[in-house]
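See structure below.
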Amino acid sequence: MNRFRWRKTIAAVCLICCFVIGAGAGAQQDKADQTVQDDADSAGTMLTARGSSDAGAGVLTIDNQHVYEGMDASYDGGYVPKIEKDKAVLVLPLMSKQKLAHEQITVSVTFGGAESEPFVYKNYEKAVPFGYHKTAGRSEKTGCYLVSFALQLKNERVNGSYPVTLSIRAEGETGDEIRQDFTVYVTVTDGMAADRGGMQGSSEGGSETGFAIDSKNVYPGMGKSYAKGYVPKVERDEAVLVLPLLPKRKLSQNRLTVALTFGEAENLPLVRKNYEKEIQSNQHKVNGTKRKKSCYLAVFHLKLKKNRFNGSYPVTLSVRAQDEAGNSIQQDFTVYVTITDGKDPAAEGAQGDGQEEVPQFAPKVMIDSYRFSKKTILCGEKVTAKMTLHNTSSSETIKNMLVSVAPGENVELLGKTASRYVEQLGAGETVTLSFDFRVSAAAPRGQYNIDVTMDYADKKANPYTVQGVMKVSAEQPVQIEIAPVSVPDKIQVGETVELQAQAMNLGKGKIYNVRAVLEADGLTPSGTAFIGDMEPGTSMTGSMELTADGLSGDSLYGTTQGKITFLYEDEAGNEMTQEQPFETSILSPLSEENSGGSADDTKHWWVIMAVIAVLLVQAAVIFIMRRAKNAPAKEGEGA
């Protein structure tokens, strides 16, 4: 009977242990199932984040003589880019005076920036190799660098003439960097009229927003109107040039400035001087009557050389002004001066007296190259520019050269003076000048101009003026502040937490593709915390979920170290990073308090429960054996 009771007791204890183990397993499975269900529910509602410039001016020249594919006329014949199917097809044939490395040039396109710009802005850049191409009227091919772009036009565009600048980069055989700019005008005639387009702002290079010539009326000093073929009068060793201008909007203080520049013809009949004057709006008699018309009348008396040659010579009138809103206006007009009272160049060359007159070319100084002290120029930083000037004449020294630098919009000179003096520059010689400048810290990312004017004289004291320009590309510095990401000090295996990543754009430029990536042993992120593109002065937040999976070594639990990497790009596409290190403890899921130490036991929870069950069984057996041993003694006492 006692033996039966003992066995019955042992069976009951085993049954209790099995129930305890089964209940624990069921609770853990319920917890795991609930975690999976919670993850599935949260997946249904959670938003998943996806996420020094050198110039080789003069090395390249335009082939003015030939008509290439895509051209209706040569550049000498008045080439104008074609407009067809909402595209402007621009062709530029370039010849090189020296052999270039790899026989290749890189060409990029920039536009004038007028508000009425008809072009769709894209990244127009390509490498152009040297090649031989067919030209109209020739059986043999012509070798050149043939540049061709199809520029996409806006559907709603305004009629006008718009400048397109083609910037050339190349490398000479000696490794020297060559840079040159060429400007070609695209004329739009199939769009809206200028007054319907509602255009405002600056006008560059003959845009419809600047000035128009009064072509209908004859003003004092004119023989006929521009519409009927006006030609400047030539008399008493001077040419009288008249240009009546009508503004398309009211000018500040009712005035404008006109400056003249001449071409580089071999037998230029015009005496070079500094022709520039300020012109006020006024009433002038027209058509030989008493009737008056208001306009800006530019009149110049151009001194002619006594020993001049017949021909037609271009004179460019550069007009500058500001409207009442403070917007700058700049436009160029070209008028041809025709000489008929001079020598016949062909007859002079055919004289048999053996004393052929050799034409004297004016010595010309040009910007041979320029470079900056910093490869990347940031707005607000001081930069030193070094400019090399070259006397291109092979025989004549120039003297008393004054080099003046005029910074454009958003550019500030930092030196005490904007001029440099060069006493003389021999034939073929160069001189390097330097000056400091700064692009305004508030200026947007872009390209800015620094105008250079060189006034000098030849050996006969004839004055000359040459102008050039340096282009400065400036970037806005990235100023981003990233808040520390709060990672919990302790995370249990299987636990999922949400992390918030916040960034603030404190700069003046836009920041692109701001995102955060987490890396740590034992922790698995749901993905990348994508914050997005940030405008200046904004703050944005991104999020990610983090799940503890356990360490990869011998122990699932313990301390792990990781990092959160923030990645972003500036307006030029340069990627930058910031890192935030962190440390956390991965705990066992059986841990009751987060303040306890890390669990080092690598066994599963059911092993622990099995050990507890064995101990309970042993205790029960001992208890029953002792009770069975004492039972006979108690029965004897009872008897």
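The values are calculated or read from the model by the stated rules, or taken from the named source; none is laboratory data. Note that this is a predicted model, so its numbers are computed, not measured. Positions of Cβ are backbone-derived with ideal geometry, glycine not excepted, and every protein chain shown enters the neighbour counts. Surface areas here come from the heavy atoms of the whole protein model, side chains and all, with no ligands, DNA or RNA. Shrake-Rupley method; radii C 1.70, N 1.55, O 1.52, S 1.80 Å.
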* Kindly indicate whether any position in the range 600-612 is within 30 Å of Gly494 (Cβ to Cβ), hydrophobic (A, V, I, L, M, F, W, C), in contact with a Gly (Cβ under 6 Å, 6 or more places away or on another chain) and modelled with pLDDT of 80 or more. => no
* Residue within the range 434-444 that is at positive phi and either out of contact with any Leu (no Cβ under 9 Å at 6 or more places or on another chain) or at pLDDT below 90 (or both) present -> no
* Are there any pairs, at least 6 apart or on different chains, whose C-beta atoms fall under 7 Å, with the first in the range 57-75 and within 25 Å of Glu171 (Cα to Cα) and open to solvent by less than 30 Å² (accessible area, probe 1.4 Å) and the second among the basic types (Lys, Arg) and not in a strand (DSSP E or B), and if so, which? -> Val59/Lys97
* Asked: Any residue at all in the range 302-316 that is hydrophobic (A, V, I, L, M, F, W, C), modelled with pLDDT of 90 or more and either surrounded by fewer than 19 Cβ atoms within 10 Å (Cβ to Cβ) or more than 21 Å from Ala457 (Cβ to Cβ) (or both)?
  -> no
* How many residues does the range 519-529 contain that are part of a strand (DSSP E or B) and over 31 Å from the mean Cα position of the chain (by Cα)? -> 5
* **Looking only at the range 122-177, and only at residues there that are of a type in the set (Phe, Trp, Tyr) and touching a Gly at 6+ places or on another chain (Cβ under 9 Å), the one that is modelled with the highest pLDDT** => Tyr145
* Structure fact -> When every residue in the range 317-326 that is at pLDDT 85 or above and open to solvent by 50 Å² or more (accessible area, probe 1.4 Å) is compared, the one farthest from Met222 (Cα to Cα) is Glu324
* Please find, among Arg291, Arg272, the residue that is within 28 Å of Asp344 (Cβ to Cβ) and over 38 Å from the mean Cα position of the chain (by Cα). => Arg272
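Name the strands (runs of 3 or more DSSP E) wholly within the range 427-495 that hold at least 1 residues that are exposed (fewer than 15 other Cβ atoms within 10 Å of the Cβ)?
430-439, 446-457, 463-475, 480-482
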* Which ones in the range 382-401 are exposed (fewer than 15 other Cβ atoms within 10 Å of the Cβ), more than 25 Å from Asp458 (Cα to Cα) and out of contact with any Leu (no Cβ under 8 Å at 6 or more places or on another chain)? -> Thr384
* **Filter result (open to solvent by less than 30 Å² (accessible area, probe 1.4 Å) and touching a Gly at 6+ places or on another chain (Cβ under 7 Å)) within the range 109-121** => Ala114, Ser116, Pro118
* Go through the range 76-108 residue by residue and tally those that are open to solvent by 20 Å² or more (accessible area, probe 1.4 Å), under 29 Å from Arg157 (Cα atoms), assigned to a strand (DSSP E or B) and hydrophobic (A, V, I, L, M, F, W, C). => 2
* Asked: Does the range 497-504 contain any residue that is small (Gly, Ala, Ser) and open to solvent by 40 Å² or more (accessible area, probe 1.4 Å)?
  -> no
* Asked: Across the range 60-75, what is the total count of residues that are in contact with a Ser or Thr (Cβ under 6 Å, 6 or more places away or on another chain) and in a strand (DSSP E or B)?
  -> 2
* To do: Taking Asp521 as the residue in question, decide whether it is at pLDDT below 90, acidic (Asp, Glu) and touching a strand residue (DSSP E or B) at 6+ places or on another chain (Cβ under 8 Å).
  => no
* If you scan the range 248-297, which residues turn out to be open to solvent by 60 Å² or more (accessible area, probe 1.4 Å), among the polar types (S, T, N, Q) and part of a loop (DSSP other than H, G, I, E, B)? -> Asn274, Asn287, Thr289
* To do: For the range 327-337, indicate whether the set of residues that are closer than 30 Å to Phe437 by Cβ, at pLDDT below 90 and open to solvent by less than 50 Å² (accessible area, probe 1.4 Å) is non-empty.
  => yes
* When residues of the range 222-247 are limited to those that are surrounded by 15 or more Cβ atoms within 10 Å (Cβ to Cβ) and farther than 20 Å from Val286 by Cβ, the one nearest to the chain's Cα centre (by Cα) -> Ala239
* Among the residues of the range 402-426 satisfying the criterion of being open to solvent by 50 Å² or more (accessible area, probe 1.4 Å) and among the polar types (S, T, N, Q), which is farthest from Met470 (Cα to Cα)? -> Gln424
* To do: Being under 29 Å from the mean Cα position of the chain (by Cα) and among the β-branched types (Val, Ile, Thr) is the filter; apply it to the range 461-501 and report the residue that is nearest to Phe530 (Cα to Cα).
  => Ile482
* Those residues of the range 361-392 which are touching a Lys or Arg at 6+ places or on another chain (Cβ under 9 Å) and among the polar types (S, T, N, Q), in sequence order -> Ser369, Ser373, Thr384, Thr388, Asn391, Thr392
* Go over the candidates Gly137, Gly175, Gly131 one by one and state the one that is of a type in the set (Gly, Ala, Ser), touching a Leu at 6+ places or on another chain (Cβ under 8 Å) and over 23 Å from Tyr448 (Cα atoms). => Gly131
* Taking the range 128-151 on its own, how many of its residues are within 17 Å of Lys99 (Cβ to Cβ) and either surrounded by fewer than 12 Cβ atoms within 10 Å (Cβ to Cβ) or touching a helix residue (DSSP H, G or I) at 6+ places or on another chain (Cβ under 8 Å) (or both)? -> 3
